[in-house]
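Structure first, commentary second.
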Amino acid sequence: MGPKTERILKEINIETIRDLASTEPEMLIELFGVWGARLHEFANGIDYSEVIEEYETKSVGRDTTF
């Protein structure tokens, strides 16, 4: 989410994920188009992205605590 989207959300008193999740999707679609629908879905834990189970390890760290 960029600064412009953040500004618009604050103007309509949406400051938390809970606020966003409880907002009518139609209102968000009117303001942001397709992105408004996706914002509402993400806020409600809905994500249709493909789950990738295999991935390459980028780095390995090693810490010692005394």
Mind pulling the angle between the C-alpha long axis of helix 34-43 and the longest principal axis of the chain? Nearest 10 degrees, somewhere in 0 to 90. 60
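P(r) tail for the chain, what percent of Cα pairs lie past 16 Å?
Details: 1223 of 2145 pairs.
So the portion of pairs separated by more than 16 Å is 57 percent.
Assuming R0 = 35 Å, can you tell me the calculated FRET efficiency for the pair Glu15 and Asp47, based on Cβ-Cβ distance, to the nearest 0.05?
Numbers: r = 22 Å, r/R0 = 0.63.
Calculated transfer efficiency: 0.95.
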Contact order relative to length of the chain, as percent, for alpha carbon pairs under 8 angstrom and 6 or more apart: 21
Given a 10 angstrom Cα cut-off, can you work out which residue in Ile29, Ile46, Ile12 is the most mobile in a GNM of the chain? Ile12
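Throughout, read-outs are computed from the coordinates displayed, never taken from laboratory work. Please read these numbers as outputs of a predicted model, since none were measured by experiment. Positions of Cβ are backbone-derived with ideal geometry, glycine not excepted, and every protein chain shown enters the neighbour counts.
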